[in-house]
Amino acid sequence: MMQVPKDSEERKWEYLDKALELFHEKGYEKTTINDIIQKVGVSKGAFYHYFQSKEEVIETIAKIYAENTARIIRNISERKDLTALEKVNMSITRVQEYKAYHAEKRLRIHEIFVSEENIKLQHKILDNFKEQAFSSYKTIINQGIKEGVFNTSYVEEAVELLIDMMGNLNYVLAKFILEIKNDPDVMTSVKRKLEFYEESMERIMQAKKGSIKLARPIIERIQRF
């Protein structure tokens, strides 16, 4: 039977998936372009048709994950039928649902995150996400100030701090998720950590205690692993 050639987008995704596997197995710095080419089973020329360098591969992976997550938040921020608090909490829930849907790939990314060799990928994803989600979060916080549920004179600084906090939380959770496999009691530490971040978010925006629902959606996602 004649093999049907893969279209351009499908081939590009194959490169990214195989590269992600290699970054997990060997670390970003130790993975070479030749490693990726051999993993996919194509020529060097075919690789350079899609990417000019290994750096471009990792930037593309970071951009895709940032875009998908930021799109969820942007769509919610633009809705006219929700209060600011509803938007914050729905954003948290929808992002966790997205991550749960892609659980297998996310677990691989979690494993990559905990490696110091892959710190470059962590920063790329966070920087891309910050760039794309900043205005959406700013819109939500400004709406909350008008509605009287948030109170800060430093909206942009608050957004930047919140995004950095979530980036740090993702790193912490990545380590916890891997540990939970061997020690279910780790979940107690996870819950405490999430409650701390939840309270910190409320304090940054001077929101009412208990108004931001961060812990539950994340715990539900973790329990699916």
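FYI, it's all coordinate maths here, none of it is from the lab. For clarity, every value in this text was computed on a predicted model and none was experimentally measured. Neighbour counts are summed over all protein chains in view; Cβ atoms, including those assigned to glycine, are modelled from backbone coordinates with ideal geometry.
As a rough footprinting exposure proxy, the listed residues VAL57, VAL155 were ranked by other beta carbons within 10 Å of their own, and the order from fewest upward is VAL155, VAL57. Bridging of LYS209 to lysines at a Cα separation below 30 Å is possible for LYS80, LYS87, LYS99, LYS130, LYS138, LYS146, LYS175, LYS191, LYS193, once same-chain residues fewer than 8 apart are set aside. Cross-link partners of LYS44 among lysines, defined as those whose alpha carbon lies under 21 angstrom from its own and excluding same-chain residues fewer than eight positions apart: LYS6, LYS12, LYS18, LYS26, LYS30, LYS54.
Rounded to the nearest 10 degrees, the angle from helix 54-77 to the longest Cα principal axis of the chain is 30 degrees. Along region 162-173 the Karplus relation, 6.51 cos²θ - 1.76 cosθ + 1.60 evaluated at θ = phi - 60°, assigns HN-Hα couplings of 5, 5, 5, 4, 5, x, 5, 4, 4, 5, 4, 5 Hz to successive residues, with x for each Gly and Pro. Ranking of LEU194, LEU161, LEU20 by neighbouring Cβ atoms within 10 Å, starting from the fewest: LEU161, LEU20, LEU194.
In what sequence do PHE129, PHE51 fall when counting other Cβ within 10 Å, fewest first? Before the final figure, lay out each step's value.
Values: PHE129 23, PHE51 19.
Ordered by Cβ neighbours within 10 Å, fewest first: PHE51, PHE129.
Using only alpha carbon pairs under 8 Å that are at least six residues apart, calculate the relative contact order of the chain and give it in whole percent. It comes to 22 percent, rounded to a whole number.
Between GLU220 and THR32, what's the calculated FRET efficiency when r is the beta-carbon distance and R0 is 35 Å? Round to 0.05. Calculated transfer efficiency: 0.35. In this structure, TYR48 and MET187 have a Cβ-Cβ separation that, at R0 = 30 Å, corresponds to a calculated FRET efficiency of about 0.05.
Give a quick list of trypsin sites (Lys or Arg not before Pro) in region 163-197 that DSSP marks as loop, anything other than H, G, I, E or B, with at most 15 other Cβ atoms within 10 Å. Here the trypsin sites (Lys or Arg not before Pro) that fit, given the DSSP loop and packing criteria, are LYS181. Once the Cα-Cα distance is subtracted from the 0.36 nm per residue extended length, the PHE134 to LYS80 segment shows a gain of 17.6 nm. Using only Cα coordinates, the Kirkwood hydrodynamic radius of the chain works out to 19.1 Å. For the peptides 10-19, 61-70, the ranking by packing is 61-70, 10-19, with the highest mean count of neighbouring Cβ atoms within 10 Å listed first.
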